[in-house]
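To keep things clear, I will list the structure first and then write my remarks on it.
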Amino acid sequence: MKRACDVEVRPAKQSIASRYAGKTVVAIGAHPDDLEIGIGGTLAKMQREGAHVVMCVASIPKDYDVRLAEAKRGAEILGCELKILMDGGPQRIEDVKTCDLVGLLDGVIRDYKPAAVLTHSKADFHNDHLLIYNACLPTQRLAYFDFFSYHPTNCRPVPIAFHPNAYVDISDTIDAKMHAITAHGSQFGGRGLDTEMYREFAHVQGRMVGCTYAEGLDVQRMLLV
Ligand SMILES: [Zn+2]
């Protein structure tokens, strides 16, 4: 039923998922849970419509085995491949030289030849997230791929200046997103935090563009043909 506050959607909706069907999409997050929070619905949607989606987690700073198991479960729920970039034990991104971090991400681009890369935003406030965003920027020199940033990710709501200029309708995958977030029990239930704010936030984003749930993206570069 249409409600008075719903916006009318005029342009024909084009599925972002169909854009990448049969292609590889790489999503890069600093830590386990960042990708589920930021773009879990988008990744599940792309995977369901035929993209090979790789969730690259840069590091696990502590509680390695627990958080690795949670990351595996989150990726499994979303139907995505999981790749831990700094694997083998707990490591901090800030301990890695910038040139080495860029080299690590260059390797991801060379190995997977992605049609699209999604990563953190320059509006993020977590230094590890900014380090990953800044290290992703130079990888654009290696090949053309669509490049997006997702909403800053956090376990508690804080004010941030992120202004999406594209939205993905995740109404069909919001439940998978929420399920995948709660797979990270050590970060939420284990700390007395609830995850419902992510559903509420996706609902607010959706209302702006005329669907029930959405995730906002900042388009860094995108080829239209
Ligand atoms: Zn993080």
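Read the figures in this text as sums done on the coordinates, not as results from a lab. It should be emphasised that the depicted structure is a prediction, and the values quoted were computed from it without experimental measurement. Every residue, glycine as well, gets a Cβ built from its backbone with ideal geometry; the counts of neighbours run over all protein chains shown.
Distance check, please: which entries in LYS62/LYS113; LYS23/LYS83; LYS62/LYS83 exceed 24 angstrom between their Cα atoms?
Where the Cα-Cα span goes over 24 Å, the pairs concerned are LYS62/LYS113.
In percent, how large is the relative contact order of the chain, given Cα pairs closer than 8 Å and 6 or more residues apart?
After rounding, I find 24 percent.
Which one, GLN205, CYS80, VAL7, is farthest towards the positive end of the dipole of the chain when Lys and Arg carry +1 and Asp and Glu -1 on their Cβ?
Highest projection toward the positive end goes to VAL7.
Which ³J(HN,Hα) values in Hz, rounded to whole numbers, follow from the phi angles of the range 55-66 under the Karplus curve 6.51 cos²θ - 1.76 cosθ + 1.60, where θ = phi - 60° and Gly and Pro get x?
8, 9, 9, 5, 8, 10, x, 7, 6, 3, 5, 5
Show the residues, 5+ positions off or on another chain, whose built amide H is closer than 5 Å to the amide H of ILE84.
Hits under the 5 Å cutoff: VAL57.
Which part of the range 27-48 falls in the paramagnetic zone of ARG92, meaning amide N under 20 Å from the point 7 Å along Cα-to-beta-carbon?
Answer for the range 27-48: 29-34.
Taking the Cα centre of the range 7-133 as origin, work out the dipole magnitude from +1 charges on Lys and Arg Cβ and -1 charges on Asp and Glu Cβ, in debye rounded to 20.
Computed charge dipole of the range 7-133: roughly 600 debye.
What list of ³J(HN,Hα) values in whole Hz, one per residue of the range 136-141 in order, does the Karplus curve 6.51 cos²θ - 1.76 cosθ + 1.60 (θ = phi - 60°) give from phi, with Gly and Pro shown as x?
These are the phi-based 3J(HN,Hα) values: 6, 3, x, 5, 5, 6 Hz.
Under unit Cβ charges (Lys, Arg +1; Asp, Glu -1), what dipole magnitude, rounded to 20 debye, does the chain have relative to its Cα centre?
540 debye
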